[in-house]
Amino acid sequence: MAKEHKPSHVVGPKSLEYLSKEPRLFPKTYWSERTKLARFVVAKAEGPWLIDVDGNRYIDLTSQWATNNLGNVHPKLLEVTIEAMRQYGFLIFDMAPHVPQYELAEKLVEISPCPSLTKVDYEISGTEAVENAVKFALSAKKRPLILSFIGQYHGLSIGTVVLGSLGKDLIKYYEGFRGSVVYAPYPYVYRFKPEGMEPEEIGKWCIDYIEDYILPYVAPPERISAVLFEPIVAEAGVWVPPDSFVHGLRKLADKYGWFLICDEVQTGFGRTGKMFAIEYWGIDVDLMPLGKGLSGGMVPISAILGSEEAMCTTDDIFTGSTFAGHPAACAAAKVNIEIMLEERLPERAARLGEEALKRMKEWVDKYEIVGDARGRGFLLGIELVKDKKTKTPAKEEAREVFFECIKNGVLPIWDVDEWVIRVEPPLNIEEELLDKALNVIEDAIAKVQKSR
Ligand code: PMP
């Protein structure tokens, strides 16, 4: 079987050697035709660079899926991590509480974008942070239902896969677990029909839909604990909501006594040009799951920022797990935040992201297959379509653009069957390097368009 396994688009012979082992070692989902992502094997990661086993260099425009926001293997974060490892090794956060867990909690509360978020719960992954935020909401409100939105992604555990709604493949075989989740439309402005409505009207339409259809017919408001939302939908292809939508959610939550759970796992820690994306709207929320960029990717850690009401009205809930609040992760996370503030990296991402987006918007005019370009800060998406009129998703073209980029030394984010290419560089990437990487993406688009 291994002999027959010849992945296409492999960049070098040594990479191929490793990749050929995959059918023997890993679940099919790692290597089947359906799931080919990057087709090179990393030998070294350094700042904005990945270097593969054949010696090829790639500009990493993924920050490892919005995790290594200070670039790969940031020297200061590495130093702090090693030092904390030496001092504490691993300690259980509630049995042998350690200094870094207190220091990080203070820091997170200090940078909290909402006055009500004064408590910190530690977890390991973004998935667990979202699941436990939902558990806090259900147990504090003592109501059974959660309102979520179509297109959102919150993780792949059974709990989070049903909290999200990112296409039929993710939910297949687990549909039965959907039980207490109710789904409403999220404003995906580019594809909203009927066309011609202003973005703010679309945002309002989505809010009205909740009031006019969901609440009277599907889920009475007094049975809902919380609304779970992404302030900018990332995985579905960077959907930036109109103001009317986010403010509308706050109004509904006030009216019906719901918590707002704002999933900042991907948008947090400077990614969108603010420390947290919710700052664009200045609203208060009750629970905020955090992950990915929290420790700059050094040691896995996630957290939930929560309000007194959400986290302290009852102790009738169990959260956390063995490795939650790892000492070295807490130590790295604190320094990661300090560096971001010192170097004003969110502001930098806002400025450079705006320039990059301006350039991407020019591609919309220039190339038939570029339907839309959007985003905030360094969370940017380029939506590929077969043609601008029908807006048919151009999945094959997106795949080809992605592989063309890799062949030319640039790694953007793209996942199976997607038609949006995402650009999420480290917040401290050099301007010239970003320019160079954008040139490669544009050349790839031009080439794929020409070859159709
Ligand atoms: N929420 C959002 C918004 C995410 O983007 C992700 C990961 N892509 C998660 C939750 C899950 O995080 P993790 O993969 O760390 O479990």
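Where a number appears in this text, it was derived from the coordinates with a stated rule and is not lab data. What you see is a predicted model; the values in this text were computed from it and never measured. We place every Cβ from the backbone using ideal geometry, glycine too, and count neighbours over all the protein chains shown.
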Practice task
Treat the count of other C-beta atoms within 10 Å as a stand-in for reagent exposure and order I232, I421 from fewest to most.
Solution key: I232, I421
Problem - Contour excess over end-to-end distance, with Cα ends at I82 and E103 and 0.36 nm allotted per residue - result: 5.8 nm
Exercise for the section: Report the net charge of residues surrounding E235, where surrounding means a beta-carbon distance below 10 angstrom and charges are Lys +1, Arg +1, Asp -1, Glu -1. Expected result: -2
Practice task
Could you tell me which GluC sites (Glu not before Pro) in segment 139-235 are loop residues by DSSP with no more than 14 other beta carbons within 10 angstrom of their beta carbon?
Solution key: E195
Practice task
Take H98, H74, H154 and order them by how many other Cβ atoms sit within 10 Å, fewest up front.
Solution key: H98, H74, H154
Exercise for the section: Pull out the extension gain between E200 and R178, defined as 0.36 nm times the separation in residues minus the alpha carbon to alpha carbon distance; nm, one decimal. Expected result: 4.9 nm
Exercise for the section: Please give the contour-minus-distance gain from E22 to I51: 0.36 nm per residue of separation, less the Cα-Cα distance, rounded to one decimal in nm. Expected result: 8.4 nm
Handout entry: Principal axis dimensions, largest first and in whole angstrom, of the chain by Cα
Key = 60, 58, 47
Handout entry: Residues D387, D263, D417 arranged by fewest to most Cβ contacts within 10 Å
Key = D387, D417, D263
Handout entry: DSSP loop chymotrypsin sites (Phe, Trp or Tyr not before Pro) with at most 11 other Cβ within 10 Å excluded, longest remaining stretch of the chain
Key = 1-172
Exercise for the section: Please get the size of the charge dipole for the chain, origin at its Cα centre, with Cβ charges of +1 on Lys and Arg and -1 on Asp and Glu, quoted in debye to the nearest 20. Expected result: 1340
Problem - the chain - mean residue ellipticity at 222 nm from DSSP helices (-39,500 (n - 2.57) per run, n ≥ 4, rounded to 500) - result: -11500 deg cm²/dmol
Problem - Overall Cα dimensions of segment 51-129 - principal axes, largest extent first, Å - result: 47, 33, 23
Practice task
Enumerate by residue number the trypsin sites (Lys or Arg not before Pro) in segment 89-153 meeting two conditions: DSSP loop (anything except H, G, I, E, B), and at most 16 other Cβ atoms within 10 Å of the site's Cβ.
Solution key: K142
Practice task
Just grab the label-to-label distance for K251 and K388, each label 7 Å out from Cα along the Cβ direction, in nm (one decimal).
Solution key: 3.4
Exercise for the section: Please work out the FRET efficiency for the pair I111 and H9, using the Cβ-Cβ distance as r and a Förster radius of 45 Å; give the result to the nearest 0.05. Expected result: 0.65
Problem - P(r) weight above 25 Å for segment 75-342, C-alpha pairs, percent - result: 44
Handout entry: Among beta bridges that DSSP assigns inside segment 210-335, antiparallel share in %, nearest 5
Key = 50
Completion exercise
antiparallel share of DSSP beta bridges within the chain, to nearest 5, in %, is 70
Exercise for the section: List the trypsin sites (Lys or Arg not before Pro) within segment 334-393 that fall in a DSSP loop (any state other than H, G, I, E or B) and whose Cβ has at most 14 other Cβ atoms within 10 Å. Expected result: R344, K388, K389
Fill in the blank from the handout: In this structure, the FRET efficiency calculated for R351 and D243 from their beta-carbon separation, with R0 = 35 Å, to the nearest 0.05, is 0.95
